[in-house]
Structure formats: C-alpha cells, structure tokens
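The values are calculated or read from the model by the stated rules, or taken from the named source; none is laboratory data. If you're wondering where the values come from, they're calculated on a predicted model, not measured in any experiment. Here Cβ is always computed from backbone atoms with ideal geometry, including for glycine, and neighbour counts include all displayed protein chains. These accessible areas exclude ligands, DNA and RNA; they are computed on the full protein's heavy atoms, side chains included. Shrake-Rupley method; radii C 1.70, N 1.55, O 1.52, S 1.80 Å.
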Amino acid sequence: MKNITHSLIHRGIARVLPGVPASMPAGADRVQAPSPVLVSGQPATPVVLASPHSGRFYPEAFVQESRQQLAILRSGEDSYVEELAADAHKLGPMLVHATFPRVFCDVNRAAWDLDPRMFNTPVPAFVRATHRGLSGLGSVPRVVADNRQIYRTRMPFMDAALRIRDYWMPYHAALAQALQQTHTQHGPCLLLDLHSMPDALDAGNPDFVLGDAHGASCSNALVQVAEQVLKSLGFSTSRNTPYAGGYITQHYGRPREGLHALQIEMRRSLYMNEATREKHGGFSTLKQAIVQMTERLIATLRTSDAS
C-alpha cells in the first residue's frame with residue numbers, strides 16, 4: 001500500500017528538488033515545531049483512528065505571508081478532534097494525528113492536486129489538478145473560508161513541493177504503515193477518519209455525516225453499525241451528504257481487500273463555540289459517543305464478516 005503510492009510521489013519530488021536534503025533548513029518559525037505527524041499505540045485492535053485536520057501549529061512565516069488573520073486561517077481547522085478521539089484510543093486502536101493545519105498542507109487531497117495559477121514559476125507536468133484543486137482547495141490550498149485568498153502574492157512551485165515532501169508524505173507514510181500493521185495482525189480492518197464540520201443547514205444540519213464514498217470505501221454493515229450506535233445515543237446522522245469522503249477515504253478504502261475506510265464528520269457546535277473555539281459541556285458527551293461507536297465497530301470486526 002505505502003510503497004507503490006509513495007514511490008510515485010518520490011519520483012515527482014526528485015524531479016523538482018534534485019539534490020535538496022531530506023528536510024528544510026531550520027528557521028525561526030520551526031524551532032518549536034512538533035513532528036508533522038504523531039502516531040500513538042500499537043495495532044491492538046482492527047480499528048485505526050486518524051485526525052488529519054486538527055493540527056494547530058501555524059508556522060510564523062506562513063502566518064506573516066498570509067493576507068488573512070490567524071482566526072480566518074483557522075476557520076477550516078478540526079479543532080480538538082484528536083482530543084475527542086483520546087478515550088476511544090484507550091480501547092486499543094492506533095491514533096494517527098497531523099500537527100500542521102490543513103490550510104498549510106491538506107493531506108486529504110492527492111499530493112499533486114494543485115492550482116497552477118497560484119505559482120510564479122513553471123509547474124511540472126505531473127501536477128494534475130481536480131476541480132477541487134482548481135477551486136483553490138488542493139493539497140496546498142490557495143483559498144480559505146468563503147473563497148478568501150490566503151497569499152499576498154503567487155509562490156514558487158518549490159515551496160509547495162517542499163510541503164508535500166515534509167508534511168504530506170510523512171503523514172501518509174505513517175497512516176499507511178499503521179493500516180498495514182493493523183491489517184497484517186487482524187485481517188479486515190477499519191480506518192475511522194475523524195473530522196469536524198460547520199452547521200450544514202442545506203443538508204438538514206445532521207450531527208454526524210458518515211462518508212463511505214457512496215459505498216465504495218467501506219462495507220455497508222460497518223456503516224450501519226456506526227449509524228445505529230450514534231442514533232441510539234440521540235444523534236442525527238446523514239450518509240455521504242454533504243461529505244462523501246475525501247482523498248484519504250477513497251485511497252485507503254478497499255473493502256474487497258478487507259481494508260475499510262469511513263470518514264466521520266462531527267458538527268462543531270456539538271462540542272465547542274465556533275466563534276471562540278472554546279470547548280463546552282458537550283465535549284465530554286461527544287467524546288463518549290466516539291468511544292461507544294469505536295467499541296461496537298471493534299466488536300463487529302472481531303466477531304463477524306465485515307464484507
């Protein structure tokens with residue numbers, strides 16, 4: 001899983017950055033920077049928990065180069081999701097957590113899904129922008145929050161390539177390894193890709209959106225278990241509307257091979273004040289709901305055929 005994907009990424013990196021050392025030179029804004037990805041636990045259960053968008057380390061140089069205030073840059077952040085998953089992690093699943101924010105590098109997009117218009121240097125032929133990338137929401141986003149431009153000027157393509165190498169690649173290498181270890185040890189396994197979302201009034205404002213790429217990334221039996229647990233706890237759910245799952249769900253979900261991936265979107269107002277990003281009393285309730293959902297999914301994978 002990991003070797004094929006990342007050998008292709010490495011080839012692209014090598015074309016853009018020949019002879020460049022494996023990491024960026026240390027700068028003032030990186031002195032206190034955490035590791036790009038944190039992995040906790042061992043593959044003790046057939047479930048892996050992941051939080052790709054809750055990173056809160058914003059490099060100072062990036063903030064200074066932005067047109068937007070930090071509060072705007074944080075608008076797409078899945079604040080505290082790794083903390084919401086902490087008690088479920090204690091049940092035994094591995095936890096993979098990005099420490100950098102999605103506005104800086106979005107690992108839920110394909111590596112080279114980039115808008116060529118954001119660069120002031122030539123763009124290599126291997127860059128393949130999807131409609132999301134062309135709208136400014138690629139692996140290195142051009143816009144944030146209501147289509148607001150992030151950067152004051154266009155950037156060199158090498159800046160984006162360095163982010164892919166130093167942030168995107170480590171995250172996916174860690175996630176792929178966690179899933180491979182879990183699959184090897186347990187057979188059928190499930191990635192719970194955890195996210196948060198603003199109120200989605202057009203979709204009926206569900207508490208949870210379960211994204212299985214319209215049935216392509218996860219068995220219906222597992223999705224039904226997640227739905228049943230959440231509904232029994234009084235939460236409303238939606239499947240694939242308005243979020244069917246991004247690159248991670250689509251890339252890692254291979255039900256026929258016993259590799260399932262389910263994107264879980266949780267309504268932010270359930271656990272925090274979106275304006276101040278302060279947790280409120282619903283935080284512990286939501287945390288416990290994730291525990292109960294994860295516990296049931298682990299039991300289902302251990303005792304039945306998830307296919």
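Is there a residue being part of a helix (DSSP H, G or I) and either surrounded by fewer than 21 Cβ atoms within 10 Å (Cβ to Cβ) or at pLDDT below 95 (or both) anywhere in the range 195-202? Checked the range 195-202: at least one residue is part of a helix (DSSP H, G or I) and either surrounded by fewer than 21 Cβ atoms within 10 Å (Cβ to Cβ) or at pLDDT below 95 (or both). Being touching a residue at least 40 places away in the same chain (Cβ under 8 Å), of a type in the set (Ser, Thr, Tyr), open to solvent by 10 Å² or more (accessible area, probe 1.4 Å) and closer than 26 Å to Ala145 by Cα is not true of Ser35.
Looking at Thr294, Thr300, Thr276, Thr285, which is the one that is farther than 27 Å from Tyr171 by Cα, of a type in the set (Val, Ile, Thr) and in contact with a helix residue (DSSP H, G or I) (Cβ under 6 Å, 6 or more places away or on another chain)?
Residue meeting the stated conditions: Thr300.
Return the residues of the range 170-189 that are buried (at least 21 other Cβ atoms within 10 Å of the Cβ) and under 15 Å from the mean Cα position of the chain (by Cα); say none if nothing qualifies. Listed by number, the residues that qualify are Tyr171, His172, Ala174, Leu175, Ala178, Leu179. For the range 133-154, a residue qualifies if it is under 15 Å from Phe62 (Cα atoms) and either among the β-branched types (Val, Ile, Thr) or open to solvent by 30 Å² or more (accessible area, probe 1.4 Å) (or both), and the qualifying residues are Val140, Arg142, Val143, Val144, Gln149, Ile150, Arg152, Thr153, Arg154.
Listed conditions (1) part of a loop (DSSP other than H, G, I, E, B); (2) free of Cβ contacts under 8 Å to residues at least 60 places away in the same chain; (3) crowded, with 18+ Cβ neighbours inside 10 Å are all met by Arg163, apart from (1).
Identify all residues within the range 203-213 that are among the aliphatic types (A, V, I, L, M), open to solvent by 10 Å² or more (accessible area, probe 1.4 Å) and at pLDDT 95 or above; write none if there are none.
Ala213
Within the range 134-149, the set of residues being touching a helix residue (DSSP H, G or I) at 6+ places or on another chain (Cβ under 9 Å), at negative phi and small (Gly, Ala, Ser) comprises Gly138, Ser139. When we screen Glu83, Glu77, Glu60, Glu65 for residues that are of a type in the set (D, E, K, R), more than 23 Å from Tyr247 (Cβ to Cβ) and at pLDDT 95 or above, the only hit is Glu83.
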